[in-house]
1. Would you please name the residue that is surrounded by the most Cβ atoms within 10 Å (Cβ to Cβ), looking only at residues in segment A:1-53 that are closer than 28 Å to B:A30 by Cβ and aliphatic (A, V, I, L, M)?
2. Cβ-Cβ under 6 Å, sequence separation 6+ or interchain: first residue in segment B:64-80 and more than 12 Å from chain A (Cβ to nearest Cβ), partner open to solvent by 50 Å² or more (accessible area, probe 1.4 Å) and among the acidic types (D, E). Which pairs?
3. Taking B:R156, is it over 19 Å from A:L48 (Cβ atoms) and either of a type outside the set (A, V, I, L, M) or in contact (Cβ under 8 Å) with a residue 24 or more places away in the chain (or both)?
4. Among the residues of segment A:3-11, are any on the phi < 0 side of the Ramachandran plot and modelled with pLDDT under 85?
5. Would you confirm whether or not segment B:96-113 contains a residue that is among the polar types (S, T, N, Q) and at pLDDT below 90?
6. Of the residues that make up segment B:75-82, is at least one loosely packed, with under 13 Cβ neighbours inside 10 Å and within 22 Å of B:S162 (Cα to Cα)?
7. Hey, among the residues in segment B:176-194 that are facing chain A (nearest Cβ under 7 Å) and touching a Ser or Thr at 6+ places or on another chain (Cβ under 8 Å), which one's surrounded by the fewest Cβ atoms within 10 Å (Cβ to Cβ)?
8. I'd like to verify a number: residues in segment B:99-128 that are facing another protein chain (nearest Cβ under 7 Å) and open to solvent by 20 Å² or more (accessible area, probe 1.4 Å), how many?
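The values are calculated or read from the model by the stated rules, or taken from the named source; none is laboratory data. Note that the structure is predicted; figures quoted are calculated from it, not measured. Counting neighbours? That spans all protein chains shown, and the Cβs are built from the backbone with ideal geometry, glycine included. SASA here: full protein model, heavy atoms, side chains in, ligands and nucleic acids out. Shrake-Rupley method; radii C 1.70, N 1.55, O 1.52, S 1.80 Å.
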Amino acid sequence: MKMLMCREATRLMSKKLDAPLGLQERMSLKFHLAMCGACKNCNHQFQLIHDAGRAFEHQAPVYPSDSGEGSR
Amino acid sequence: MAARPDSSCDAGHSGERQRRLAAVRPRLLAFARLQLRDASEADDVVQEALITAVEKDAHFEGKSGYETWVFGILKHKILDALRAQKRRGKWQTWDDDGLEAAVESQFQTTGRWQEMARPKRWGDPESTLASERFWQVFDSCMIALPENIARIFTMRELMGLSTRQICEEAGIKENNCWVILHRGRLLLRACLEKGWLAEADS
């Protein structure tokens with residue numbers, strides 16, 4: 001099994017949220033995550049971002065003002 | 001908070017519906033703005049969705065919450081608006097040199113994280129999503145995403161479209177879609193960490 005580096009590991013973590021990974025991909029990601037704390041954090045964060053998108057409809061706080069939104 | 005999406009509302013009093021529509025409107029707007037990145041277009045789309053919701057009130061079957069149903073209408077309207085944007089040629093900026101560099105700068109040439117960019121712990125996800133501050137940071141980080149990434153990213157993560165559907169809408173290959181989403185997640189993650197952890201630490 002080929003050793004993954006972090007960059008490639010993040011690619012698989014991301015892809016996993018959009019499509020099923022192949023067996024080989026799953027195994028090497030799992031192996032990498034077991035050894036790499038930073039990637040483990042990253043994996044949780046990608047998942048959180050994914051969940052946040054779905055939670056937006058119900059959970060995002062809203063502000064009554066309609067106007068004056070300065071962000072471009 | 002009065003509006004509970006899970007209450008079984010077969011009463012159908014239009015006054016009650018009006019009240020709930022008014023209550024959900026700001027959230028619809030926030031959603032549409034993130035997706036369309038144009039405040040006045042977002043206003044229009046939300047207006048249309050609200051009108052449709054009133055007109056089609058009889059079609060609401062109560063299978064999902066009322067607010068969820070209204071969001072469903074909004075998503076259709078947004079998709080129409082995105083298609084119109086695309087037809088108007090608003091989608092053509094695909095130069096991504098700077099972008100690639102921004103993403104690559106998080107990694108060493110060996111493929112390991114740069115020391116500065118190593119993802120840290122964020123703590124409990126549930127309390128994160130329950131934090132108002134997190135959503136503020138989320139909003140500003142979404143706005144900060146480059147437009148061509150944001151468009152694909154929000155179609156996936158906010159609208160919940162599959163990458164296959166996105167490919168069709170955007171006219172790109174699925175592979176390309178995964179690359180864009182990967183970049184979007186890396187950029188958003190880094191931005192959130194900066195804004196959110198800085199706050200949590202202080």
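1. A:M13
2. That search, which allows pairs on different chains as well, returns B:K77/B:E48.
3. In short, no.
4. Yes - at least one qualifying residue is present in segment A:3-11.
5. no
6. Within segment B:75-82 (the criterion being loosely packed, with under 13 Cβ neighbours inside 10 Å and within 22 Å of B:S162 (Cα to Cα)), the answer is yes, since at least one residue qualifies.
7. For segment B:176-194, the residue satisfying everything is B:W178.
8. Of the residues in segment B:99-128, 7 are facing another protein chain (nearest Cβ under 7 Å) and open to solvent by 20 Å² or more (accessible area, probe 1.4 Å).
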